[in-house]
Amino acid sequence: MYGDEFHPAPECIEEHDERTFLNELTFADAEAILAMLHELSPNIADGFLPVWIRNLAYRLAVLQRPDDPAVLREAADSLYMFGPECDGIAADLRQRADELEGR
């Protein structure tokens, strides 16, 4: 549904709208959200998702898996790429991940 400055939107035979996409994202489980993020934004610096959707998706994944250091760090990495207004949140996520791993 989305493209970016590096890639056009992927071709798809189905019609999509943002409301349906956001509704599905809102109620998806963490595994589905992370799979979508990895498929549509395989590189931390670019991808097929707007920044606000990536941030929302990671927020939903973190809410569902608050004790998963890997998810916390991945969300932090994404936030650091699009800061600096989110750098404090990213630092908190990294700190929580470190605490969970006993660092």
Quiz item: Yes or no: A35 assigned to a helix (DSSP H, G or I) and either more than 25 Å from R103 (Cα to Cα) or modelled with pLDDT of 95 or more (or both)?
Solution: yes
Practice problem: Output the residues belonging to the stretch 52-86 that are within 15 Å of the chain's Cα centre (by Cα) and either on the phi > 0 side of the Ramachandran plot or acidic (D, E) (or both). | Solution: D68, E74, D77
Practice problem: Among the helices (runs of 4 or more DSSP H) lying completely within the stretch 51-103, list those that include at least 2 residues that are hydroxyl-bearing (S, T, Y) and crowded, with 16+ Cβ neighbours inside 10 Å. | Solution: 69-81
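The values are calculated or read from the model by the stated rules, or taken from the named source; none is laboratory data. Computed from a prediction, not measured in an experiment: that's the story for all the values here. When we count neighbours, we look across all protein chains shown, and the Cβ atoms used for this are built from the backbone with ideal geometry, even at glycine.
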